[in-house]
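These notes concern the structure reproduced below.
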Amino acid sequence: MIELEPVIGLEIHVQLATKTKMFCGCEPVFGENPNTRTCPVCLGLPGALPVINERAVDFGLRLGLALGCELANRSIFHRKNYFYADLPKGYQISQFDEPLCSGGFLDGVRIHRVHLEEDAAKLVHSSSSGRIQGADSSVVDFNRGGTPLAEIVTEPDITSAAQAREWLSLLRTTVKSLGISDVSMEEGSLRCDANISLRPVGETTLGTKTELKNMNSFRFVEKGIEAEIERQRELIQSGGTVVQETLHFDPRSGSLTALRSKEEAHDYRYFPEPDLLPVAVGPEMIKAAQDSLPELPAARASRYEEEFGLASELAQRLAFNGDLGDLFEATAAICGAGSDARLVATWVNGEVSSRVDEGSDQTVEPEALAELLGLLEDDKITTAAARGILDTLIEHGGSPADLVESQGLGKVGGGDELSAAVDAAIASDPEAAAKVAAGEQKALGPLVGLVMKATQGRADGGEVRALIFSKLADS
Amino acid sequence: MIDRSEVLHIAKLARLSISDEEVDVLAAELSGILDHVEMISKLNLAGVEPSAHSVAQTGWLRPDVPHQSLAREKALDQAPATDGEGFEVPPPGSGT
Amino acid sequence: MSTDSTKLSVTETVAAVASGLLSKAELHAAWLDRAGLDDLNALSWVSDSPELVHGDGPLGGVPLGVKDLFCTEGVPSQSGSKILEGYLPPYTATVVEALAQAGAPLIAKTHQDEFAMGSSNENCAFGPVLNPWDRGRVPGGSSGGSAAAVAAGLVPWALGTDTGGSIRQPAALCGVVGLKPTYGSVSRYGMIAFASSLDQAGPITRTVADAGLLYSQMTGKDPRDATSVEHPDSVEPVVPMDLTGVRLGVPEELTGEGVEPGVREAFEATLDLARSLGATVAPCPLPHAPHALSAYYLIAPAECSSNLARLDGVRFGLRVDPDEGLDGMYGATRAAGFGPEVRRRIMLGTYALSSGYYDAYYGRAQRVRTLISQDFDSAFEDFDAIVTPTSPSVAFELGSKTADPLSMYLSDFCTVPMSLAGIPAISIPNGLSDGLPVGFQIAGPAFSENRILGIAAALEDGLKFDGSPAWIA
Ligand SMILES: [Mg+2]
Ligand SMILES: [Zn+2]
């Protein structure tokens, strides 16, 4: 059977955090009452005209610079013509053959282009299912319509679902560090579509691609791409052919459904937007964008290596996922120079990141994490107890010291309590005790387990082992 | 020359329902006009840049300063169908 | 002074108001009476408010007629279309607002060809406008209501819009003055668009001085129109220019075949007048001008096909819902709401932009436009202005061209090249042919409004055109 490799390109829409919309002065505020943020321009009323938001252009330039793109000194807006209820003018003002930024590179993936456009409005389907199909009627809310978007298109350089997820995370970090967007997948200010095809390993031509839309979390991006790769793999290997289509991934069922088939493919009739003149990006605009650039993730990773002595892979993992990087830096700062930043880094990268979805509000406060790791470093609690406390902190918040106190999670050691627990364990499993006494190391496990269970994990494993040996040797 | 199937395709793109008789009439009229405007296909346009505009060549930008949005009643006032908060439209998925 | 005040030119009226001979209230009442005499279907709406708020601006309170396609808050703005019948916009076009501020309040809206597409006003969903010189004939279009209303004395002056000749051609056919300004010098915000890269608002008036006066208060960069630009010169009150040594170019391409004999005669006579006033007149090549109409009939429909996509039955206007989903509603609404000429142009424009045809049609047309601009650029190295007949014919009979869209399109033959180049051009009445007015067009380089108004005023003085036969008694 031929071995197939996935070829993945991403199209990312980022809502820009400007004060006003792309082409009018309405404020795009999230969660306002429907249709309270509109004007003749963003409602597409007859006679109204678009005017380009200067800050959106500036944000686009910053993004282009951060992604190593070439900035166009002359850039043109086009009309992309199609009819839909969420599109008031019957066309979207977007960019076509002269985008604001082109070329570029981010961590092994080439950037094809970055362009500016306006967001569509929100269409709410009023039917029992909430789905488009079978809706009785739909209602349009134009509050979001016209919000500035930067669309980032990559070359098809990604080869796995996991890489797509990690790369998207790095992109999010980059955009976030620029301060140009909230980049929340949950709230839709970061949206990712993927173009996916398979080809025999070693082949250079691309196979037929499908477009996967609306994956609204980092997990779903990975799961959705994985599912589509599997679907295509099975299809090809059973002798079928992939049809070019747009698919929707349902994270609950894991299923993929076609949104539009090829026969309905659009003819967008792009032409230069006659209501706008070409944008001339002058040297002062480029300089302002350059001056505003923050420390980018790659630079941040190098700094972590130098400043905190982190291994380069760990440094990169934290720096490329901005939420983790921010948490790490804040926690390390609170812990102070006397503590081991590598412990903080390991915990943030391992324990915290496995518990917190990217971009989620439910996370641990740096103060609490610093306190927790302080207790661990001072040997006041065991690692197992610290993990349990972290669960609680993420779920409910609170102070680690209080939790240790109120739930009696302090480390058990040396004294009578541990000694009694060891005695009880030996007594309850004399068979294992005999084996250990006879030098069979493997038999130690069940005894340690009994002690841990009795102390709710608050005992130090090494100490327990030593105590068992000494008691059995004494006997 | 534009034939019937092209007329139907364009009408679909333009979201214009047209009757069967209209298809033939439009095919003839559009073909006539295109015959005339095709004069320009004889011009040698090699090296000539297209002009989307005639006078100003590049534009200016708008400062990112909010304006007053319309009151909702005003935004909805002329709409053929609303639910009081938004613009009602027929369901996108069904029908033609 | 009472109703006779309406016989004054606006410039004279403003002076009379300034010197206290005439009150703004009297003025307004007199013009409300005049508007009530409309038997031409020129007016689509007349103010019923006896006292309009108007500032102490330089326009003296002289009320204004405004083409239907300008959005006016709370006042029907229908662009001559059934799809916008009774539409009340929530805002007012920049230029209408600016003129009200300057002392020219809105008194009436005027009928037009649907979405400004037409040269006869027969494409109006609310019936054709009649020509006050002969009620069996068309007033021209698309600003036919404004031109007829000014000629008949229903309004003292009016706003029109010009995309390929829509101010100049009806001005010519109705015997009044019409100025199409430099593209971008007047805000388009609030003008219901036909073809965005060509549309421009301008004055339709009885005298050249009035046109200059109105234009001076219209021009200016509008922060709401990204294609608007500041006029580099201030627009001065019009004084007839001394034509001594002024070089007028006559393009053979626009003055030969197709121009009616009566129109040609009047044109030649006006050239003689110009010579007698000291001007030099010489042939001036515009080699690509014969292709302008073709380029125009690709560019304008392409833009309109996109501009009119917002007429979709969702946020305003007509909705026809056959209960076949969203696309069914779109198709039925647009089929019922648009008239045949608009449908034809939407189809033509959609085709010209569609996949596989863009380069052959729209792309080529945009390149022809470049050549036409270059023709004018080189012409203006040798000439101060270019002159042609405005329209190749005088007002034609109602219904005489409706069956053949192409013959109607030829009405814009002399006016379209200037539209494509974005340059200003004015039409002034220069005589009669068989009792019907003829128009004379003067075009200059971008932002040369002061110059072409000055030339027009000098010729106007010499022509002594009498528009009174059109006046409704
Ligand atoms: Mg996009
Ligand atoms: Zn708005």
Checklist line | Residue in the stretch A:136-157 that is nearest to the other protein chains (Cβ to nearest Cβ), counting only those that are crowded, with 24+ Cβ neighbours inside 10 Å and assigned to a strand (DSSP E or B) | finding: A:140
Notebook entry, point to check: Taking the stretch A:425-456 only, how many residues are touching a helix residue (DSSP H, G or I) at 6+ places or on another chain (Cβ under 7 Å) and open to solvent by 60 Å² or more (accessible area, probe 1.4 Å)?
Noted result: 6
Check: Out of all the residues in the stretch A:1-58, which are under 25 Å from the mean Cα position of the chain (by Cα), of a type in the set (A, V, I, L, M, F, W, C) and within 16 Å of ligand 1 (Cβ to nearest atom)?
Finding: A:10, A:12, A:14, A:16, A:56
Check: From the list B:40, B:33, B:18, which residue is within 26 Å of residue A:79 (Cβ to Cβ), assigned to a helix (DSSP H, G or I), under 20 Å from the mean Cα position of the chain (by Cα) and more than 16 Å from ligand 2 (Cβ to nearest atom)?
Finding: B:33
Next item on the list: Residue by residue through the stretch A:282-303, note down the ones that are open to solvent by 60 Å² or more (accessible area, probe 1.4 Å) and of a type in the set (Gly, Ala, Ser).
Entry: A:298
Margin query: Can you say whether residue A:70 is more than 16 Å from ligand 1 (Cβ to nearest atom), touching a Ser or Thr at 6+ places or on another chain (Cβ under 8 Å) and away from chain C (no Cβ under 14 Å), as far as the supplied structure shows?
Written below: yes
Item checked: First in the stretch A:33-54 and at pLDDT below 95, second anywhere and within 9 Å of ligand 2 (Cβ to nearest atom), Cβ under 6 Å, 6 or more apart -> none
Checklist line | Filter result for residue A:55 (within 16 Å of ligand 2 (Cβ to nearest atom) and away from chain C (no Cβ under 11 Å)) | finding: yes
Next item on the list: Enumerate the pairs (first residue in the stretch C:276-292 and over 18 Å from residue C:377 (Cβ atoms) and within 14 Å of chain B (Cβ to nearest Cβ); second residue anywhere and in a strand (DSSP E or B) and open to solvent by 30 Å² or more (accessible area, probe 1.4 Å)) with beta-carbon separation below 6 Å, excluding pairs fewer than 6 apart on the same chain, so at least 6 apart or on different chains.
Entry: none
Next item on the list: Can you work out which of the residues in the stretch C:340-355 that are buried (at least 24 other Cβ atoms within 10 Å of the Cβ) and touching an Asp or Glu at 6+ places or on another chain (Cβ under 8 Å) is farthest from residue B:31 (Cα to Cα)?
Entry: C:342
Item checked: All positions within the stretch C:309-331 that are over 14 Å from residue B:11 (Cα atoms) and at the interface with chain A (Cβ under 8 Å from one of its Cβ atoms) -> C:310, C:311, C:312, C:314, C:315, C:316, C:326
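Filter the strands (runs of 3 or more DSSP E) completely within the stretch A:1-107 down to those with at least 2 residues that are surrounded by fewer than 21 Cβ atoms within 10 Å (Cβ to Cβ). First the steps, then the outcome.
Values: elements: A:4-15, A:77-81, A:91-95.
Output list reads A:4-15, A:91-95.
Every residue, every condition in (1) within 14 Å of chain A (Cβ to nearest Cβ); (2) open to solvent by 10 Å² or more (accessible area, probe 1.4 Å), yes or no:
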{"site": "C:176", "(1), (2)": "no, no"}
{"site": "C:202", "(1), (2)": "no, no"}
{"site": "C:225", "(1), (2)": "yes, no"}
{"site": "C:235", "(1), (2)": "no, yes"}
{"site": "C:250", "(1), (2)": "no, yes"}
Next item on the list: Among the residues of the stretch B:59-87, write down those that are surrounded by fewer than 18 Cβ atoms within 10 Å (Cβ to Cβ), at the interface with another protein chain (Cβ under 7 Å from one of its Cβ atoms) and outside any loop (DSSP other than H, G, I, E, B).
Entry: B:74
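One line per residue, one yes/no per condition, for (1) at pLDDT 95 or above; (2) away from ligand 2 (no atom under 16 Å from the Cβ):
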| site | (1), (2) |
| --- | --- |
| A:131 | no, yes |
| A:148 | yes, no |
| A:153 | yes, yes |
| A:159 | yes, yes |
| A:164 | yes, yes |
| A:167 | yes, yes |
Next item on the list: Please state which one of C:385, C:365 is at the interface with chain B (Cβ under 10 Å from one of its Cβ atoms) and under 25 Å from the mean Cα position of the chain (by Cα).
Entry: C:365
Next item on the list: Scan the helices (runs of 4 or more DSSP H) fully inside the stretch C:240-326 and keep the ones with 2 or more residues being farther than 29 Å from residue C:118 by Cβ.
Entry: C:261-276
Next item on the list: Report yes if residue A:117 is part of a loop (DSSP other than H, G, I, E, B), within 16 Å of ligand 1 (Cβ to nearest atom), touching a strand residue (DSSP E or B) at 6+ places or on another chain (Cβ under 6 Å) and away from chain C (no Cβ under 13 Å), otherwise no.
Entry: no
Notebook entry, point to check: What is the number of the single condition among (1) open to solvent by less than 40 Å² (accessible area, probe 1.4 Å); (2) within 14 Å of chain B (Cβ to nearest Cβ) that residue C:458 does not meet?
Noted result: (2)
Notebook entry, point to check: Picking from C:255, C:270, C:280, which residue would you name as being over 28 Å from residue C:76 (Cα atoms) and open to solvent by 40 Å² or more (accessible area, probe 1.4 Å)?
Noted result: C:280
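Let's see how each residue does on (1) more than 28 Å from residue A:182 (Cβ to Cβ); (2) surrounded by 15 or more Cβ atoms within 10 Å (Cβ to Cβ):
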residue	(1), (2)
A:356	no, yes
A:375	yes, yes
A:385	yes, yes
A:398	no, no
Notebook entry, point to check: How many residues does the stretch A:158-180 hold that are open to solvent by 10 Å² or more (accessible area, probe 1.4 Å), assigned to a loop (DSSP other than H, G, I, E, B) and either closer than 17 Å to residue A:60 by Cβ or within 16 Å of ligand 1 (Cβ to nearest atom) (or both)?
Noted result: 1
Check: If only one of C:337, C:328 is farther than 20 Å from residue C:379 by Cβ and crowded, with 24+ Cβ neighbours inside 10 Å, which one is it?
Finding: C:337
Checklist line | Options B:46, B:56, B:28: the member that is surrounded by fewer than 20 Cβ atoms within 10 Å (Cβ to Cβ), among the small types (Gly, Ala, Ser), farther than 30 Å from residue A:37 by Cβ and at the interface with another protein chain (Cβ under 7 Å from one of its Cβ atoms) | finding: B:56
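The values are calculated or read from the model by the stated rules, or taken from the named source; none is laboratory data. Remember, it's a predicted structure, so these values are computed and weren't measured experimentally. A quick note on method: Cβ atoms are made from the backbone with ideal geometry, for glycine too, and the neighbour counts reach across all protein chains shown. Only protein heavy atoms, including side chains, enter the accessible area calculation; ligands, DNA and RNA are left aside. Shrake-Rupley method; radii C 1.70, N 1.55, O 1.52, S 1.80 Å.
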